[in-house]
Amino acid sequence: MKNLVLNSIILLVMFAASASVQVSAEKPPEQPGMPVPFNPVFDSSFRKGLYKATMDIGKHHLSGLVYIKKMNDSTFRMLFNNEIGMKFFDLEVSRMQFIIHSCFSSLNNKELMSVLKYDLRMLFFLSRRVTMVRQELTDSTDQNLYKIKSDLGTWRCFVTDENNLSRIESEGKMMRKTLINLNKHPDVNNRQIVIMNPAIGMTIHLKMISN
């Protein structure tokens, strides 16, 4: 428990002290598009969360703590440190920008950052405009399936009877093939997120510790 508290303090201090180093700016957001028939995982009630995390890329394995903070309604910041406080990356993502506040040199390559930008925008549901929402057939008896088209691409969203997302799949080119499994459990300590991108052999597993 002492180690967890210490690591949490380290994360918060490093989060506050980080300086922006790389900014990817994009065109201003368009007018809001169609509403979606489910609750985003990071909905209006979310403010911050601490997660036990692992990240596998090919043969490389990283583990530690991830701290996610909602900066405003359309901006999130994600800090990933190991257990002794070494920072892997500190990223800020919004509808308009992707900011690399800091990043471990071996992770700071264009391909990986591009994939993370896309995957995090899927996870935080930061699409600028949804142009199509269509319900599709599924064999599941306790979930509904919706096909969503937006400026980020086309997604298949699996939704529980409580209108919570349980899975998001992207469609299109293999480089953009992303799978996100979600478990919004009532018990904070059982909430988990798994992001998989087979094209680059990346898997990120997040298990919530506190909010």
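The lone criterion from (1) part of a strand (DSSP E or B); (2) in contact (Cβ under 8 Å) with a residue 60 or more places away in the chain left unmet by GLU83 is number (1). On inspection, SER140 does not qualify as touching a residue at least 40 places away in the same chain (Cβ under 8 Å) and of a type in the set (Gly, Ala, Ser). Once segment 90-141 is narrowed to residues that are at pLDDT 90 or above and touching an Asp or Glu at 6+ places or on another chain (Cβ under 6 Å), the residue that is surrounded by the most Cβ atoms within 10 Å (Cβ to Cβ) is HIS101. Of the residues making up segment 147-168, those that are touching a residue at least 40 places away in the same chain (Cβ under 8 Å), crowded, with 18+ Cβ neighbours inside 10 Å and more than 17 Å from ASP43 (Cβ to Cβ) number 1.
Quick grid of which residues meet (1) part of a loop (DSSP other than H, G, I, E, B); (2) exposed (fewer than 15 other Cβ atoms within 10 Å of the Cβ); (3) touching a strand residue (DSSP E or B) at 6+ places or on another chain (Cβ under 9 Å); (4) of a type outside the set (Gly, Ala, Ser):
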{"position": "PHE42", "(1), (2), (3), (4)": "yes, no, yes, yes"}
{"position": "PHE46", "(1), (2), (3), (4)": "yes, no, yes, yes"}
{"position": "TYR51", "(1), (2), (3), (4)": "no, no, yes, yes"}
{"position": "ASP56", "(1), (2), (3), (4)": "no, no, yes, yes"}
{"position": "HIS61", "(1), (2), (3), (4)": "no, yes, yes, yes"}
{"position": "LEU65", "(1), (2), (3), (4)": "no, no, yes, yes"}
{"position": "ILE68", "(1), (2), (3), (4)": "no, no, yes, yes"}
{"position": "MET78", "(1), (2), (3), (4)": "no, no, yes, yes"}
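Determine which member of the set LEU65, LEU137 is of a type outside the set (Ser, Thr, Tyr) and within 16 Å of the chain's Cα centre (by Cα). Give the steps one after another, and end with the answer.
Working: LEU137 fails: within 16 Å of the chain's Cα centre (by Cα).
The match here is LEU65.
You will find that of SER102, SER127, the residue that is under 24 Å from LYS70 (Cβ atoms), in a strand (DSSP E or B) and touching a strand residue (DSSP E or B) at 6+ places or on another chain (Cβ under 6 Å) is SER102 and no other. Of all residues assigned to segment 105-122, at least one qualifies as being among the hydrophobic types (A, V, I, L, M, F, W, C), part of a loop (DSSP other than H, G, I, E, B) and touching a strand residue (DSSP E or B) at 6+ places or on another chain (Cβ under 8 Å). Looking across segment 153-184, just one residue is closer than 20 Å to ILE204 by Cβ, at pLDDT 80 or above and not in a strand (DSSP E or B), and that is THR178.
MET86 falls short on exactly one of the conditions (1) over 25 Å from SER44 (Cα atoms); (2) modelled with pLDDT of 95 or more; (3) of a type in the set (A, V, I, L, M, F, W, C), and that condition is (2).
Restricting attention to segment 87-101, which residues are closer than 24 Å to ASN211 by Cβ and out of contact with any Cys (no Cβ under 8 Å at 6 or more places or on another chain)? Working first, answer last.
Looking only at segment 87-101, we keep the residues that are closer than 24 Å to ASN211 by Cβ, and these are 87-95, 99, 101.
Listed by number, the residues that qualify are LYS87, GLU92, VAL93, SER94, ARG95, ILE99, HIS101.
The values are calculated or read from the model by the stated rules, or taken from the named source; none is laboratory data. The shown structure was predicted, so the numbers you read here are calculated from the model rather than taken from an experiment. Ideal geometry is used to build each Cβ from the backbone, glycine not excepted, and the neighbour counts take in all protein chains shown.
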